[in-house]
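Asks: A single structure is presented below for examination.
The values are calculated or read from the model by the stated rules, or taken from the named source; none is laboratory data. Quick caveat: nothing in here was measured; it's all calculated off a predicted structure. Cβ placement follows ideal geometry from the backbone for every residue including glycine, while neighbour counts extend to all protein chains displayed. For the accessible areas, the whole protein counts, side chains as well, though only heavy atoms, and no ligand, DNA or RNA atoms are used. Shrake-Rupley method; radii C 1.70, N 1.55, O 1.52, S 1.80 Å.
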Amino acid sequence: MAAITYELIKKDEVTGARAGMLHTPHGSFPTPIFMPVGTQATVKAVSPDELKDLGAGIILSNTYHLFLRPGMDLVREAGGLHKFMHWDRGILTDSGGFQVFSLGELRKITEEGVTFRSHIDGSKKFLSPEISVAVQTALGSDIVMAFDECVPYPADYDYAKQSLARTLRWAERCKKAMTRDDQGLFGIVQGGMYKELRTESAEALVEMDFPGYAVGGLSVGESKELMYEMLEHSTAHLPQDKPRYLMGVGTPDCLVEGVARGIDMFDCVFPTRVARNGMAMTWTGRLVMKNQVFTHDHDVLEQGCGCYACRNGYTRAYIRHLVRAGEIFGLRLLTLHNLYFLQAFMRAMRESIVQNRFAEFRRDFWNNYQLPEKKSGGVMDE
């Protein structure tokens, strides 16, 4: 049996929103799902037990960072990433492609792979499809991502086309490099902001028959309207019986609209990063806790929230004080709250799909949520 399988339970016929189950070697998880990011084998400021308490099922770690430090040999020696970080649920590892290509002039792309300078010590390194898969094999993640080139925005058609052709060749090489039957390799749809190229990418990847498919190269600076247009076009060419993963997206508005376009899996550093900058996520929008308006606000971050901070009565005034004083506990409270919020948000969205209420959920969300910006603007790794 395949390591990664997807079970479609309910589909909203109007929008294409899906409720399902993702089956992995380390458990089965209801979708749509948000995966907290543990770039360097830890979700910042949160323990594995706390992640379980707030409902996380799959987390993401990053090949690029773990390749550089501590190295795949040490993680393999420890028994794999699950044992190394004491996490017995699902793990998805990014291929390292996005991080390498974001280095700009510090990297050089060839057909064989990418030569780059480490952001840690400036030493010369090399990643290829085969090396990326070898690292992810050593890490022992449940879901392995193919090594791809993330096309920058904006990019002209010729560049995007050449990049896509290389990414598809790399996808084939990744498939050939897979050696473990307890891991599943996902292909990544690329093609920039060109529908024709995204069609070509999706159809070629489906022909290769991966157990799951990601949509990459979005939320990299384009407008949200363009992102949604490319996303909807991409998912239209992906199979119904395989999971679909939108990479690097984690704001509530994008989660709702991504689900509406048939996406099952999401990840982003957003909830943990903004927590460390003093921001709380709520059903009505973002709370910037440094703002003076919260100085004498003795309410919890959000009424009805079951996170550690809210259920134990930690107030906005207290959290504001901690944030302004630079106290780690304040940032931990916000991190726990934001991650809990997103898990609860995804559960509520899934329930609405199962109960044929997704259109109502989506409408109520937009009626109540205050959107702070219109740009999608990608968020880099932590």
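Asks: Hey, if we sort Val256, Val288 by accessible area with the 1.4 Å probe, largest down, what's the order?
Replies: Val288, Val256
Asks: Computed over the Cα atoms of region 207-336, what is the ratio Rg over Rh, Rh following Kirkwood?
Replies: Radius of gyration over Kirkwood radius for region 207-336 works out to 1.10.
Asks: Evaluate the Kirkwood expression for the hydrodynamic radius of region 65-208, namely the inverse of the mean inverse distance over all pairs of different C-alpha atoms, and round to one decimal in Å.
Replies: Final number for the Kirkwood radius of region 65-208 is 15.8 Å.
Asks: Given the DSSP H assignment, sum -39500 (n - 2.57) over each helix run of at least 4 residues in the chain and divide by its residue total; what's the result at 222 nm in deg cm²/dmol, nearest 500?
Replies: Estimated from H runs of four or more residues: -12000 deg cm²/dmol.
Asks: If you don't mind, there's one more thing I want to ask. Could you calculate the contour length gain from Glu130 to Met208, that is, 0.36 nm times the residue separation minus the distance between their Cα atoms, to one decimal place in nm?
Replies: Between Glu130 and Met208, full extension yields 26.4 nm more.
Asks: Got a sec? Charge dipole of region 1-154, +1 on Cβ for Lys and Arg, -1 for Asp and Glu; which of Ala2, Met145, Val100 is way out at the positive end?
Replies: Val100
Asks: Another question about this same structure. Take region 284-368, compute every pairwise Cα distance, and split them into 5 Å bins from 0; I just need the percent in each bin.
Replies: The calculated distribution, bin by bin, is 3, 14, 21, 21, 15, 11, 8, 5, 1, 0.
Asks: Kyte-Doolittle mean at least 0.0 and Cα extent at least 24 Å along the axis: which DSSP H helices of the chain qualify?
Replies: 328-354
Asks: Considering only Gly248, Gly71, Gly191, give the residue with the highest GNM mean-square fluctuation for the chain, with springs between Cα atoms whenever their separation is below 10 Å.
Replies: Greatest mean-square fluctuation among the candidates belongs to Gly71.
Asks: Here's another thing I want to ask about it. At 0.890 mPa s and 25 °C, plugging the Kirkwood radius over alpha-carbon pairs of region 2-50 into Stokes-Einstein gives what diffusion coefficient in µm²/s?
Replies: It comes out at roughly 189 µm²/s.
Asks: Continuing with the same structure: For the chain, with only Lys/Arg (+1) and Asp/Glu (-1) charged at the beta-carbon, what is the dipole magnitude about the Cα centre, in debye rounded to 20?
Replies: 820 debye
Asks: Sequence-distant or interchain residues sharing an amide H contact under 5 Å with Asp267, placed H: which?
Replies: Counting only residues 5 or more places away or on other chains, the set is Met35, Gly248, Val249.
Asks: Give the relative contact order (percent, whole number) for the chain; include only Cα pairs under 8 Å separated by 6+ residues.
Replies: 18 percent
Asks: Using r as the Cβ-Cβ distance of Gln370 and Gln303, and R0 as 22 Å, what FRET efficiency do you calculate, to the nearest 0.05?
Replies: My answer for the efficiency is 0.85.
Asks: What does the charge dipole of region 73-155 about its Cα centre add up to, to the nearest 20 debye, if the Cβ of each Lys and Arg holds +1 and the Cβ of each Asp and Glu holds -1?
Replies: 220 debye
Asks: State the antiparallel share, in %, of DSSP beta bridges confined to the chain, rounding to the nearest 5.
Replies: Around 50 percent of the beta bridges assigned by DSSP in the chain are antiparallel ones.
Asks: Can I ask one more? Sequence gap at least 6, Cα distance under 8 Å: using those rules, report the relative contact order of region 239-294 to the nearest whole percent.
Replies: 28 percent
Asks: Measuring with a 1.4 Å probe in the full set of protein chains, what accessible area per residue, in whole Å², belongs to region 12-161?
Replies: Each residue of region 12-161 exposes 39 Å² on average to a 1.4 Å probe.
Asks: Right, next: For the full complex of protein chains and a 1.4 angstrom probe, list Ile328, Ile4 by accessible area with the highest value first.
Replies: Listed by decreasing accessible area, they come as Ile328, Ile4.
Asks: Out of Tyr318, Leu255, Ala177, whose Cα points farthest toward the positive end of the dipole of the chain (charges: +1 Lys, Arg; -1 Asp, Glu; placed on Cβ)?
Replies: Tyr318
Asks: Straight-line reach only, C-alpha to C-alpha below 17 angstrom: list the aspartates and glutamates that Lys175 could link to, leaving out same-chain residues fewer than 8 apart.
Replies: Lys175 reaches Asp94, Glu111, Glu112, Glu130, Asp142, Asp148, Glu149, Glu203, Glu207, Asp209.
Asks: Keeping all protein chains in place, calculate the accessible area per residue for region 196-260 (probe 1.4 angstrom), answer in Å².
Replies: 28 Å²
Asks: How much of the pair distance distribution for region 16-135 lies past 18 Å, counting alpha-carbon pairs only, in percent?
Replies: 57 percent
Asks: Continuing with the same structure: Bins of 5 Å, beginning at zero and ending with the bin holding the largest distance: percent of Cα pairs per bin for region 138-288, please.
Replies: 2, 9, 18, 20, 20, 14, 9, 5, 2, 0
Asks: State to the nearest 20 debye the size of the charge dipole of region 170-317 about its Cα centre, where the only charges are +1 on K and R beta carbons and -1 on D and E beta carbons.
Replies: It works out to roughly 640 debye.
Asks: In whole percent, how big is the carbon plus sulfur part of the accessible area of the chain, probe 1.4 Å, protein atoms only?
Replies: 50 percent
Asks: Could you work out the mean projected area of the convex hull around the alpha carbons of region 248-294, in square nanometres to one decimal?
Replies: Result: 3.6 nm².
Asks: Additional query: Tabulate in residue order the Karplus-calculated ³J(HN,Hα) for region 8-21, using 6.51 cos²θ - 1.76 cosθ + 1.60 with θ = phi - 60°, rounded to whole Hz; enter x for Gly and Pro.
Replies: Per-residue couplings from phi come out as 7, 9, 8, 10, 7, 6, 6, 9, x, 4, 10, 10, x, 10 Hz.
Asks: What number, in percent, do you get for the relative contact order of region 30-161 if the mean sequence gap of Cα pairs under 8 Å and at least 6 apart is divided by its residue count?
Replies: Relative contact order here is 24 percent.
Asks: With just the Cα atoms defining each centre, how far is region 269-342 from region 71-125? Give it in Å.
Replies: The two parts, judged by their Cα centres, are 32 Å apart.
Asks: Separate question: Over region 167-299, what is the percentage of antiparallel beta bridges among all DSSP beta bridges, to the nearest 5?
Replies: So the antiparallel bridges in region 167-299 amount to around 30 percent.
Asks: Would you be so kind as to identify which of Pro48, Thr63, Val37 lies farthest towards the positive end of the dipole of region 12-73, taking Lys and Arg as +1 and Asp and Glu as -1 on Cβ and the Cα centre as origin?
Replies: The listed residue farthest towards the positive side: Thr63.
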